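See structure below.
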Amino acid sequence: MNLNITCIPGDGIGPEIVREAKKVLDKVAVKFGHTITYTDILMGGASIDVHGVPLTEKAVATAKAADAVLMGSIGGDTSTSPWYKLAPNLRPEAGLLALRKALNLFANLRPAVLYDELAGACPLKEEISSAGFDMMIMRELTGGLYFGERKTVEENGVRKAIDTLTYDENEIRRIAIKGFDIAMKRKKKVTSVDKANVLDSSRLWRAVVNEVAKDYPEVTLEHMLVDNCAMQLVKDPAQFDVILTENMFGDILSDEASMVTGSIGMLASASLNDTKFGLYEPSHGSAPDIAGKDIANPIATVLSASMMLRYSFDLDKEADAIDQAVRKVLQDGYRTGDIMSEGCTQVGCSRMGDLLAERI
């Protein structure tokens with residue numbers, strides 16, 4: 001198979017971590033008999049420096065023509081970078097928002113995995129963390145409260161703000177289908193999170209999810225109220241496989257889940273549309289303070305590449321090979337500085353990429 005991948009190295013440590021992800025992907029291609037065509041485009045600050053805007057129409061067209069997009073990081077130091085003296089619509093992050101809209105990326109995937117070798121970084125009690133966890137938070141990305149009508153008015157001398165939470169059944173159905181499809185590649189369990197005891201939008205959410213579940217008899221479905229889910233994430237995270245939820249709940253729960261892993265440098269993410277197309281990126285930022293020093297952790301980007309193989313190309317064996325390589329490197333005691341612990345061997349960004357590729 002030929003994989004047509006658009007790469008966005010981006011800003012800060014982005015070029016370094018994307019380089020290492022490509023290194024691992026190239027090793028996968030050799031081992032499993034694939035070819036890869038990479039096309040780099042500029043976005044964010046890198047695009048501003050060259051084109052004066054964070055994303056060009058040509059870059060969007062290139063991304064649309066690809067099978068998937070792999071991204072490093074976007075943005076810089078908001079207190080010192082000249083990029084943040086520009087109007088908001090010309091700042092680096094505006095490019096990412098514009099690309100998500102142009103590509104219709106409505107499904108956000110945030111895995112949260114606690115590796116045995118990094119359990120010491122988990123803030124939870126040992127009796128909880130010892131069970132480990134491996135969950136996928138599936139967040140609807142383009143609807144709900146964040147995209148509803150809003151306004152601030154004054155009535156009888158009193159200021160009042162109004163935000164509108166709206167979902168239609170088609171928006172719910174398409175994210176639910178994605179959630180169940182992904183559960184079929186995992187442990188075949190979906191926890192749908194809502195606030196159906198209060199919100200009409202959640203009652204519709206629950207009804208549509210139940211309808212979709214009928215097409216996936218192998219998947220176990222449970223419903224959970226969002227406040228209970230927030231508690232269960234710190235009480236018993238091992239119970240979860242795929243957490244399916246709306247935009248605002250997903251925003252909050254995915255941040256909570258990432259915190260209990262204790263290592264943001266290990267967290268991948270993906271945003272998908274209604275085809276196999278997706279944008280894959282690490283969950284961490286551009287870390288401009290360490291850019292160019294060869295000390296960044298590339299593992300989140302490498303794991304994002306694994307997600308790309310799994311969800312955009314249906315290459316599960318190849319994705320498994322990357323995931324296993326990450327575990328093997330950790331088991332062998334290699335760490336970048338952000339996850340370093342006593343008794344381990346500290347390595348830089350490039351060396352970590354080499355070690356991962358060697359274990360494919």
Is there a residue in the range 132-140 that is among the hydrophobic types (A, V, I, L, M, F, W, C), touching a Lys or Arg at 6+ places or on another chain (Cβ under 6 Å) and closer than 19 Å to residue 226 by Cβ?
yes
Could you check the range 141-180 and list, in sequence order, the residues that are among the acidic types (Asp, Glu) and farther than 23 Å from residue 99 by Cβ?
149, 154, 155, 163, 168, 169
Sort out which residues of the range 334-360 are free of Cβ contacts under 8 Å to residues at least 40 places away in the same chain and small (Gly, Ala, Ser), and write them in order of number.
343
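One residue is enough: does the range 177-188 have a residue meeting the conditions over 16 Å from residue 221 (Cα atoms), among the basic types (Lys, Arg) and either loosely packed, with under 15 Cβ neighbours inside 10 Å or over 18 Å from the mean Cα position of the chain (by Cα) (or both)? Explain how you work it out, then say what you get.
If we filter the range 177-188 for residues that are over 16 Å from residue 221 (Cα atoms), which is where we start, we get none.
The answer is no, given that none of the residues of the range 177-188 is over 16 Å from residue 221 (Cα atoms), among the basic types (Lys, Arg) and either loosely packed, with under 15 Cβ neighbours inside 10 Å or over 18 Å from the mean Cα position of the chain (by Cα) (or both).
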Which strands (runs of 3 or more DSSP E) does the range 148-208 wholly contain that include 3 or more residues that are under 23 Å from residue 232 (Cα atoms)?
189-194
Hey, among the residues in the range 230-255 that are surrounded by fewer than 16 Cβ atoms within 10 Å (Cβ to Cβ) and over 21 Å from residue 187 (Cα atoms), which one's modelled with the lowest pLDDT?
255
Tell me, which helices (runs of 4 or more DSSP H) wholly within the range 11-105 include 2 or more residues that are at pLDDT 95 or above and over 24 Å from residue 300 (Cα atoms)?
45-51, 57-65
Output the number of the condition that residue 296 fails; it satisfies all remaining conditions of (1) under 22 Å from residue 114 (Cβ atoms); (2) part of a helix (DSSP H, G or I).
(2)
In the range 245-270, anything under 14 Å from the mean Cα position of the chain (by Cα) and part of a strand (DSSP E or B) is listed as 268, 269, 270
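Suppose the filter is in the same structural domain as residue 304 (by TED's automatic domain parsing), over 27 Å from residue 306 (Cβ atoms) and surrounded by fewer than 24 Cβ atoms within 10 Å (Cβ to Cβ); does residue 88 pass it? Full working, then the answer.
Working: in the same structural domain as residue 304 (by TED's automatic domain parsing): yes; over 27 Å from residue 306 (Cβ atoms): yes; surrounded by fewer than 24 Cβ atoms within 10 Å (Cβ to Cβ): yes.
The answer is yes for residue 88.
Could you check the range 1-60 and list, in sequence order, the residues that are among the β-branched types (Val, Ile, Thr), without any contact (Cβ under 8 Å) to a residue 40 or more places away in the chain and within 24 Å of residue 326 (Cβ to Cβ)? Walk me through how you get there before you give the answer.
Of all residues in the range 1-60, those among the β-branched types (Val, Ile, Thr) come to 5-6, 8, 13, 17-18, 24, 28, 30, 35-37, 39, 41, 48, 50, 53, 56, 60.
The next check asks that each one be without any contact (Cβ under 8 Å) to a residue 40 or more places away in the chain; those that pass are 30, 35-37, 39, 41, 50, 56.
Of everything in the range 1-60, those that are among the β-branched types (Val, Ile, Thr), without any contact (Cβ under 8 Å) to a residue 40 or more places away in the chain and within 24 Å of residue 326 (Cβ to Cβ) turn out to be 30, 35, 36.
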Of (1) in contact (Cβ under 8 Å) with a residue 12 or more places away in the chain; (2) of a type outside the set (D, E, K, R); (3) not assigned by TED's automatic domain parsing to the domain that holds residue 209, residue 80 fails just (1)
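Could you please let me know if residue 286 is part of a loop (DSSP other than H, G, I, E, B) and in contact with a Gly (Cβ under 7 Å, 6 or more places away or on another chain)?
On the way: part of a loop (DSSP other than H, G, I, E, B): yes; in contact with a Gly (Cβ under 7 Å, 6 or more places away or on another chain): yes.
Answer is yes for this residue.
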For the range 233-244, the count of residues that are under 14 Å from the mean Cα position of the chain (by Cα) and either farther than 20 Å from residue 194 by Cβ or among the basic types (Lys, Arg) (or both) equals 0
Test of understanding: among 302, 329, which residue is touching a residue at least 40 places away in the same chain (Cβ under 8 Å) and either among the β-branched types (Val, Ile, Thr) or not assigned by TED's automatic domain parsing to the domain that holds residue 353 (or both)?
302
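Looking at this structure, is residue 157 exposed (fewer than 14 other Cβ atoms within 10 Å of the Cβ), outside the structural domain of residue 276 (by TED's automatic domain parsing) and of a type in the set (Gly, Ala, Ser)?
Here the answer is yes, as residue 157 does meet what is asked.
The values are calculated or read from the model by the stated rules, or taken from the named source; none is laboratory data. Bear in mind that the values here come from a model prediction, so they are computed numbers and not experimental data. Virtual Cβ from ideal backbone geometry, glycine too; neighbours counted across all protein chains shown.
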